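One structure is given below, encoded as structure tokens.
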Amino acid sequence: MSNAIGSSPQIRVSVQFEDFNLGDEYQEIKNRDQGQGAVVTFSGLVRDNNLGKNVKGLFLEHYPAMTQKCLIDICEQACKRWELAAVSVIHRVGELSLNEQIVFVGVSAKHRKSAFEGCEFIMDYLKTQAPFWKKERFADGEAWVDAKQSDQHAANKW
């Protein structure tokens with residue numbers, strides 16, 4: 001669908017309909033800036049329940065120009081805070097079925113603490129700041145998903 005590169009060569013952001021390969025994404029992060037001591041990745045999946053209801057799938061929507069800018073900004077903030085060598089964010093949109101991958105965050109850094117914290121920060125901010133709208137499908141209908149207080153709580157710690 002769309003790709004963007006941040007204002008520095010260490011950031012790669014993609015918003016796309018297509019699935020991604022975790023192994024390929026790991027290798028890309030690992031090889032982009034050789035000599036780093038840690039690579040941390042996260043992949044989020046479509047789960048089968050939310051708030052006690054059985055989820056059958058979901059639909060993700062976004063505003064492309066706003067989304068790209070926001071994702072790049074989040075990655076740039078993380079790079080400044082933790083001196084990350086490479087960052088990749090892939091976020092899928094469109095119709096997704098149970099257990100499909102939604103999001104990938106990968107970072108490399110000299111030390112594991114920076115890599116773990118940078119990855120967690122990016123994911124927490126994606127959940128609260130990125131302009132994605134999610135509609136879950138159930139056996140008896142569908143509903144737009146509201147922001148969760150627990151996600152905002154996680155982002156507030158940074």
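At a Förster distance of 25 Å, what's the computed FRET efficiency of MET66 paired with GLN152, Cβ-Cβ distance as r, to 0.05? Before the final figure, lay out the partial values.
Numbers: r = 19 Å, r/R0 = 0.78.
Working from the Cβ atoms, E equals 0.80.
Shape verdict for the stretch 61-153, please, from the Cα gyration tensor: rounded (a/c under 1.5), prolate (a/b greater than b/c) or oblate.
Note, shape of the stretch 61-153 comes out prolate.
Under a crude label model (7 Å from the Cα following the beta-carbon direction), how far is LYS80 from PHE138 in nanometres?
Between LYS80 and PHE138, the simple spin-label model gives 4.2 nm.
Return one number: the angle in degrees, 0 to 90 and rounded to the nearest 10, between the long axis of the Cα atoms of helix 64-82 and the longest principal axis of the Cα atoms of the chain.
Its long axis makes an angle of about 40 degrees.
Karplus couplings for the stretch 95-104 from phi (6.51 cos²θ - 1.76 cosθ + 1.60, θ = phi - 60°), rounded to Hz, Gly and Pro as x?
Each residue of the stretch 95-104 in turn: 7, 10, 9, 3, 6, 6, 6, 9, 9, 10 Hz.
Given the Cα-Cα distance of LYS113 and GLN101 and 0.36 nm per residue of separation, how much length would full extension add, in nm?
1.8 nm
What are the ³J(HN,Hα) couplings of the stretch 84-92, residue after residue, when phi is run through the Karplus curve with 6.51, -1.76, 1.60 and θ = phi - 60°? Round to Hz, x for glycine and proline.
So the Karplus estimates, Gly and Pro as x, are 6, 7, 8, 9, 10, 10, 10, 10, 8 Hz.
What is the sum of charges, Lys and Arg at +1 and Asp and Glu at -1, for the other residues whose Cβ falls under 14 Å from the Cβ of LEU126?
Counting the neighbours of LEU126, the net charge comes to 0.
Over 30 Å between C-alpha atoms is what I'm after, so list which of LYS56/LYS110; LYS69/LYS157; LYS53/LYS127 land there.
Values: LYS56/LYS110 41 Å; LYS69/LYS157 23 Å; LYS53/LYS127 20 Å.
The answer is LYS56/LYS110.
Report the label-to-label distance for ARG47 and THR128 in nanometres (one decimal), using points 7 Å from each Cα along the Cα→Cβ vector.
Distance between the two pseudo-spin positions: 1.8 nm.
Go through the stretch 42-48 residue by residue and turn each phi into a ³J(HN,Hα) via Karplus (6.51, -1.76, 1.60, θ = phi - 60°); whole Hz please, and just put x for glycine and proline.
Residue by residue, the stretch 42-48 yields 9, 10, x, 10, 6, 8, 8 Hz.
Return the percentage of antiparallel bridges among DSSP beta bridges fully within the chain, rounded to the nearest 5 %.
Bridges in the chain are about 85 percent antiparallel.
Of all DSSP beta bridges in the stretch 1-92, what percent run antiparallel (nearest 5)?
Taking every DSSP beta bridge within the stretch 1-92, about 50 percent pair in antiparallel fashion.
Given the rule -39500 (n - 2.57) for each run of at least 4 DSSP H residues, summed and divided by the residues of the chain, what is its mean residue ellipticity at 222 nm, to the nearest 500 deg cm²/dmol?
After summing the helix terms and dividing by the residues of the chain, the value is -11500 deg cm²/dmol.
Mind checking the angle between helix 112-129 and the chain's longest principal axis? C-alpha axes, 0 to 90 degrees, to the nearest 10.
In the chain, helix 112-129 runs at an angle near 40 degrees to the longest axis.
For the chain, what does the relative contact order come out to in percent, with C-alpha contacts under 8 Å and a separation of six or more?
Details: 319 pairs, mean separation 46.5, N = 158.
Averaging sequence separation for qualifying contacts and normalising by length gives 29 percent for the chain.
Order these by the 10 Å Cβ neighbour count, fewest first: LEU96, LEU84. Show your work: numbers first, answer last.
Values: LEU96 20, LEU84 28.
Ranked by crowding around the Cβ, least crowded first: LEU96, LEU84.
Shape call for the chain from the C-alpha gyration tensor, a ≥ b ≥ c root eigenvalues: rounded (a/c under 1.5), prolate (a/b greater than b/c) or oblate?
Here the chain falls in the prolate category.
A short reminder: the numbers here are calculations on the coordinates, not readings from a lab. Bear in mind that the values here come from a model prediction, so they are computed numbers and not experimental data. With ideal geometry, Cβ positions are generated from the backbone for all residues, glycine too; neighbour counts draw on all protein chains shown.
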